[in-house]
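J.: Can you read through this structure? Questions will come right after.
The values are calculated or read from the model by the stated rules, or taken from the named source; none is laboratory data. None of the values given here were measured: they were computed from a predicted structure. FYI the Cβ positions are ideal-geometry reconstructions off the backbone, even for glycines, and counts take in every protein chain you see. For accessibility, only protein heavy atoms count, side chains too; no ligands or nucleic acids. Shrake-Rupley method; radii C 1.70, N 1.55, O 1.52, S 1.80 Å.
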Amino acid sequence: MSDDALLDVSGLSVGFEGFDGYADVVGDVDLHVERGEVVTIVGETGCGKSVTTKAITGLLDEPPAHVEGDVEFDGMDLRELSEAEREDLNGDRLGMVSQNPLSSLNPVFTVGEQLTDTAQFGGSDDAGLLSYLRRRHSGSERAAARERVLEMLREVQMPDPEAVIDSYPSELSGGMRQRALIAQALLNEPDLLIADEPGSALDVTVHDRILSLLTDVIAERDMSVLMITHNLGVARQISDRIYIMYGGRIVESAPTEEIFTEARHPYTQGLIASIPRLSGEPMAGGIDGSVPEYTDPPSGCRFHPRCPYADDDCRSAAPPRTDFGEEAHAVCVRHVDGGPTPTIAETKRRLMADDERAESEVER
Amino acid sequence: MSAPVLEVKNLKKHFASDGWLTDEPPAKAVDGVSFSIDEGETLALIGESGSGKSTVAKTIIDIHETTDGLIRYQGEDITNPIRRQVETIRSEIQLVFQDPTSCLNPRRTIRKTLLVPLKATGVPREEREARVSEMLERVGLTDEYLRKYPHELSGGQKQRVNIARALAVEPQLLLLDEPTSALDVSVQAKIVDLLADLQEELGLTYLFITHDLSLVRNFADETAVMYLGEIQEQGPTEELFESPRHPYTRALLSSIPVTSAADEAYRPESEPLRGEVPSPRDVPSGCRLHPRCPHATEDCSMRQPDTRHVNDVAVNCIAYDDDTDGFDALLDAANTTPGDAS
Amino acid sequence: MSTDTDHSHALDRLVSPARRELWYRSYRRFANQPMSMVGLGIVTVVVLAAVFAPYVAPYPAQVGSFTDFANAYQPPTVAHPFGTDSAGRDILTRVIYGYRISLLLVAVVLGIGVPVGVLLGLVAGYTGGWVDTVIMRVTDTFLALPPLVLALAIASAFEPTLEVAMFAVASLWWTWYARLARGLAAGQRDEEYVQAAELAGAGTPHVLFREILPNCLSPILVKVTLDAGIVILTGASLSFIGLGVQPPQPGLGTMVANGTQYLPGKWWISVFPGFAIFVLVIGFNMLGDGLRDLFDVEVEQ
């Protein structure tokens, strides 16, 4: 981990006070994004990915949320910033693209009005109402901002940007809305783009186009990106490095290719083995069980109830972190003292054997 | 070869527009679809949203009325069934819905939900409880789930309950409407596995509807690719993956984010489609794909493509050339316009 | 096939798990809202007082045609906390018995109106087509009549008694429930669990009463609670203009009406019965709002 990481999160934990007791959702999260690096957090539904990014961007209401830990962005401690300072940062140096392209645009304003506002006022520390009104109606400044929006719409390959800029969100298709959101996030040339499953709500062909668009603009600007996704294939396509998250803990991290060739954590291995293959290579029968209840999480390693290797050590204590070189680590008791680590093939074999055993039990 | 279990011929389902003041044209959700499934086989119906794939299933099972065409089950015409036939359909054909949550009544326990089909088919009261346990066991759940409410179950467990309910009447044909698309991959694999086991054990016939081509490679015997209410390419799954011919099939395949080099070999070179699926109320002339197709020629917008048969595969494409297994390069070049990439 | 692992509490496996926990959670959520607890408190106290009126009221003998002119027009004292009226009757006693009549009115009106309205609404919403059209047009016709005016007409056409007033109000009240239930049922007709039950072979009665109705109960219950207050007000209004409870029966509205001629000097004669109406109506409203919040949370989850 280098010292000049753009985003450096350490010891982040998030919990929620609810009627069912305290939910300990995210814990011990250390992650960093270097300048010009594209990093994804991969995990299944309910693994705490969205909560993590919301905690980083300060979008969680406290209470009910309890957030602890350090979030450093370009040397600034984000957790210490005032509300106003945060607002200045979000939309200016921090760009965000959310998962749902419909609910992220206000239905009563045209796309142009919303994006031009962002272009004109995003990140401005001048927040007075009067000055807002003056600048909002200053013809030349507004026109310049609008020009910038048009240019950005062209850059995200929006079909017919001149028409789109005066359309309401409901008049656009899902893919076009997603493009408008990406354009909005890029308008103020953010240093870091945080993207929550962009396009995953759309059809596969459109999703694919959105991803390649993102890949292009990221490469062009040499931008730093923190993206979350549930799809390992998407992560492979877009990122330099991957964090795997399970039960609110980061269980493994490695450069992208390494994850697919020598995944070290049994959860990562199980995930990879469960992905359906175009080549027709048989997939393992998935991983038993479901994500933990956060109000009553499993003791020790949170993955142990589903892990094909689990033993008493896994149940009794939280697993230690083992580093593999500069950039990779895994949090699993199997790696302590350089012991024999499970391989993807072995995990797959065990998962399939589990299935057969359970089947014969049922038959009996 | 035995007679097909299900035979669908030129099926059409048009939804008239709501309200009597609008003069909107009807939505042609399904517009001339034909296929058949043999006993114990699986046909995969692939398509994006708006392709009409779910409407096909709901029309077969009489949730929607058929506009035109023919549906035959075991040789019997069950298009817009009369009362007696509805009973046959209900006991022979079942549907598993896409969203495992919304198809379970939140206020009824699993036991009560599973008792419904047993009561309806007249299973004697004293046998019902044993049957319910048996049904749960078949899908890999234990009796402790009987007293639970849906919100206490995970997505995968709920989908198991739904499968159990569909199997309660001992159907022959199961229509699976994206049964795993609401689930995580690690759970999806388990459900697919369960479905494969059940098929083997009970000799079921499946119509498997999904948007995810990668799922069907190992699962379906035949695959049909739908776009805007029509089947564009249909044939043995193996053949379709080895040499996809229709531009839409190729685009679908090339947009799947894969995780290994071996899989990448099955992705045709990126052939992205322009724009998005048009409304089924405003279907393009000629070939329905032509406004989005990278290989479209002028001819494509003028006339409906004929079905051509190449190696057991039926392809509906004008631009595809079966001699060279490619598309006419000259026309391609003429047609590529800059700025069309969206 | 293996079983998905279950992470719920071990304790829950032993005794009737889901329902108990659901009730307990609902209770906790409800108890966290002070307003709804106050509403529940008011309604409970009033209902208990009304049911046990002969044991609770200080002078049960003074309810009806009792006169004690020596004690008439007494301002509030310890012996008569609400004072006495023109005939010397204890107003507190009469208010408690007045509650009895008001709650009886609520029970009869909603007891008839809710089942009738809900049944018609469910059938209309689920069946659709011409059945829906016929039922809803009839409902609309009734809705077009101003309730108080129709009640006035009915009450003045017959004897102006309590029974006629109840019948008059009940004959209109079902319409709101028909509308509510129809909307809820129509919304659920296309729900997948309804379709799934139909595919499983369930008949119409099963679908209506076992699948759809349980999912409509929350909003109906909220409306019942909020309506209870309005029924009380309507009954009191009818009594106030002399078309409901007839003297010497202790109707709250009748008592307010009788007291008006002594205002402002002998204010307690009409103020206390009026205040009694106000408290109970507010109590029902707070309770109803609390229930609505409770169910909204449930829906969100």
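J.: Those residues that are open to solvent by 10 Å² or more (accessible area, probe 1.4 Å), within 12 Å of chain B (Cβ to nearest Cβ) and farther than 14 Å from A:GLU44 by Cβ, I need them from region A:257-277; list them, please.
T.: A:GLU257, A:PHE260, A:THR261, A:PRO276, A:ARG277
J.: Quick one: which helices (runs of 4 or more DSSP H) lie wholly within region B:227-342 and hold at least 3 residues that are modelled with pLDDT under 85? Full working, then the answer.
T.: Numbers: elements: B:237-242, B:247-254, B:261-264, B:298-302, B:329-335.
Of the helices (runs of 4 or more DSSP H) lying wholly inside region B:227-342, those with at least 3 residues that are modelled with pLDDT under 85 span B:261-264, B:298-302, B:329-335.
J.: Next up: B:LEU252 - would you say it is away from chain A (no Cβ under 11 Å), of a type outside the set (Phe, Trp, Tyr) and open to solvent by less than 20 Å² (accessible area, probe 1.4 Å)?
T.: Working: away from chain A (no Cβ under 11 Å): no; of a type outside the set (Phe, Trp, Tyr): yes; open to solvent by less than 20 Å² (accessible area, probe 1.4 Å): yes.
No; evaluated as a whole, the condition is false for this residue.
J.: I've got another one for you. Can you give me the number of residues within region B:96-112 that are in contact (Cβ under 8 Å) with a residue 40 or more places away in the chain, more than 8 Å from chain C (Cβ to nearest Cβ) and either surrounded by fewer than 18 Cβ atoms within 10 Å (Cβ to Cβ) or not in a loop (DSSP other than H, G, I, E, B) (or both)?
T.: Just the residues of region B:96-112 that are in contact (Cβ under 8 Å) with a residue 40 or more places away in the chain, to begin with: B:96-101, B:103-110.
Now drop any that are not more than 8 Å from chain C (Cβ to nearest Cβ), which leaves B:96, B:98, B:100-101, B:110.
Among the residues that remain, those that are also either surrounded by fewer than 18 Cβ atoms within 10 Å (Cβ to Cβ) or not in a loop (DSSP other than H, G, I, E, B) (or both) are: B:96, B:101, B:110.
Qualifying residue count, region B:96-112: 3.
J.: Output the number of the condition that A:GLY285 fails; it satisfies all remaining conditions of (1) outside any loop (DSSP other than H, G, I, E, B); (2) in contact with a Leu (Cβ under 7 Å, 6 or more places away or on another chain); (3) open to solvent by less than 20 Å² (accessible area, probe 1.4 Å).
T.: Evaluating A:GLY285 over (1) outside any loop (DSSP other than H, G, I, E, B); (2) in contact with a Leu (Cβ under 7 Å, 6 or more places away or on another chain); (3) open to solvent by less than 20 Å² (accessible area, probe 1.4 Å) leaves (1) as the failure.
J.: Okay, moving on. In a loop (DSSP other than H, G, I, E, B), without any contact (Cβ under 8 Å) to a residue 12 or more places away in the chain and assigned by TED's automatic domain parsing to the domain that holds C:PRO81, is that true of C:ALA196? Give the derivation first.
T.: Details: in a loop (DSSP other than H, G, I, E, B): no; without any contact (Cβ under 8 Å) to a residue 12 or more places away in the chain: yes; assigned by TED's automatic domain parsing to the domain that holds C:PRO81: yes.
It is false that C:ALA196 is in a loop (DSSP other than H, G, I, E, B), without any contact (Cβ under 8 Å) to a residue 12 or more places away in the chain and assigned by TED's automatic domain parsing to the domain that holds C:PRO81.
J.: Considering only residues that are assigned to a strand (DSSP E or B) and either open to solvent by 10 Å² or more (accessible area, probe 1.4 Å) or not charged (D, E, K, R) (or both), which ones fall in region A:232-256? Outline the logic, then answer.
T.: Pass one, region A:232-256, residues assigned to a strand (DSSP E or B): A:241-246, A:249-255.
Of everything in region A:232-256, those that are assigned to a strand (DSSP E or B) and either open to solvent by 10 Å² or more (accessible area, probe 1.4 Å) or not charged (D, E, K, R) (or both) turn out to be A:ILE242, A:TYR243, A:ILE244, A:MET245, A:TYR246, A:ARG249, A:ILE250, A:VAL251, A:SER253, A:ALA254, A:PRO255.
J.: Where in region B:19-76 are there strands (runs of 3 or more DSSP E), lying wholly inside it, with at least 1 residues that are aliphatic (A, V, I, L, M) and more than 20 Å from B:VAL96 (Cβ to Cβ)? Explain how you work it out, then say what you get.
T.: On the way: elements: B:27-37, B:42-46, B:68-73.
Fully inside region B:19-76 and qualifying: B:27-37, B:68-73.
J.: For C:PHE295, which of the numbered conditions (1) open to solvent by less than 50 Å² (accessible area, probe 1.4 Å); (2) at pLDDT 85 or above fails to hold?
T.: C:PHE295 satisfies all of (1) open to solvent by less than 50 Å² (accessible area, probe 1.4 Å); (2) at pLDDT 85 or above except (2).
J.: Could I ask something else about it? In region A:206-231, which residue that is of a type in the set (Ser, Thr, Tyr) and part of a helix (DSSP H, G or I) is farthest from the other protein chains (Cβ to nearest Cβ)?
T.: Filtering region A:206-231 for residues of a type in the set (Ser, Thr, Tyr) gives A:212, A:215, A:224, A:229.
Retained after the next criterion (residues that are part of a helix (DSSP H, G or I)): A:212, A:215.
On the way: A:SER212: 8, A:THR215: 11 Å.
Looking at residues that are of a type in the set (Ser, Thr, Tyr) and part of a helix (DSSP H, G or I), I get A:THR215.
J.: Determine whether region A:225-232 contains at least one residue that is without any contact (Cβ under 8 Å) to a residue 24 or more places away in the chain and either among the charged types (D, E, K, R) or touching a strand residue (DSSP E or B) at 6+ places or on another chain (Cβ under 6 Å) (or both).
T.: Looking for residues that are without any contact (Cβ under 8 Å) to a residue 24 or more places away in the chain and either among the charged types (D, E, K, R) or touching a strand residue (DSSP E or B) at 6+ places or on another chain (Cβ under 6 Å) (or both), one finds none in region A:225-232, hence no.
J.: Output the qualifying pairs, or none if there are none: Cβ atoms under 6 angstrom, residues six or more apart or on different chains, first residue in region C:213-233 and at the interface with chain B (Cβ under 10 Å from one of its Cβ atoms) and under 13 Å from C:LEU291 (Cβ atoms), second residue open to solvent by 40 Å² or more (accessible area, probe 1.4 Å) and of a type outside the set (Lys, Arg).
T.: If the second residue must be open to solvent by 40 Å² or more (accessible area, probe 1.4 Å) and of a type outside the set (Lys, Arg), no pairs are left.
J.: Please indicate, with yes or no, whether at least one residue in region B:78-95 is at pLDDT 85 or above, assigned to a loop (DSSP other than H, G, I, E, B) and either open to solvent by 50 Å² or more (accessible area, probe 1.4 Å) or within 11 Å of another protein chain (Cβ to nearest Cβ) (or both).
T.: Scanning region B:78-95, I find no residue that is at pLDDT 85 or above, assigned to a loop (DSSP other than H, G, I, E, B) and either open to solvent by 50 Å² or more (accessible area, probe 1.4 Å) or within 11 Å of another protein chain (Cβ to nearest Cβ) (or both), so the answer is no.
J.: I would also like to ask the following. When region B:196-213 is examined, which residues are found to be under 29 Å from B:TYR248 (Cα atoms), within 11 Å of chain A (Cβ to nearest Cβ) and either in contact with a helix residue (DSSP H, G or I) (Cβ under 8 Å, 6 or more places away or on another chain) or surrounded by 22 or more Cβ atoms within 10 Å (Cβ to Cβ) (or both)? Before you say what the answer is, go through the steps one by one.
T.: Just the residues of region B:196-213 that are under 29 Å from B:TYR248 (Cα atoms), to begin with: B:196, B:205-213.
Cutting the leftovers down to within 11 Å of chain A (Cβ to nearest Cβ) gives us B:196, B:210-213.
Scanning region B:196-213 gives B:THR210, B:HIS211, B:ASP212, B:LEU213.
J.: For the subset of region B:128-182 comprising residues that are touching a helix residue (DSSP H, G or I) at 6+ places or on another chain (Cβ under 6 Å), facing chain C (nearest Cβ under 10 Å) and among the β-branched types (Val, Ile, Thr), which member is surrounded by the most Cβ atoms within 10 Å (Cβ to Cβ)?
T.: So, considering only residues that are touching a helix residue (DSSP H, G or I) at 6+ places or on another chain (Cβ under 6 Å), facing chain C (nearest Cβ under 10 Å) and among the β-branched types (Val, Ile, Thr), the one surrounded by the most Cβ atoms within 10 Å (Cβ to Cβ) is B:VAL139.
J.: Given the criterion within 21 Å of the chain's Cα centre (by Cα) and hydrophobic (A, V, I, L, M, F, W, C), identify the matching residue among B:LEU146, B:LEU204, B:LEU115, B:LEU136. Show your work before the answer.
T.: Details: B:LEU146 fails: within 21 Å of the chain's Cα centre (by Cα); B:LEU115 fails: within 21 Å of the chain's Cα centre (by Cα); B:LEU136 fails: within 21 Å of the chain's Cα centre (by Cα).
So the residue among B:LEU146, B:LEU204, B:LEU115, B:LEU136 that is within 21 Å of the chain's Cα centre (by Cα) and hydrophobic (A, V, I, L, M, F, W, C) is B:LEU204.
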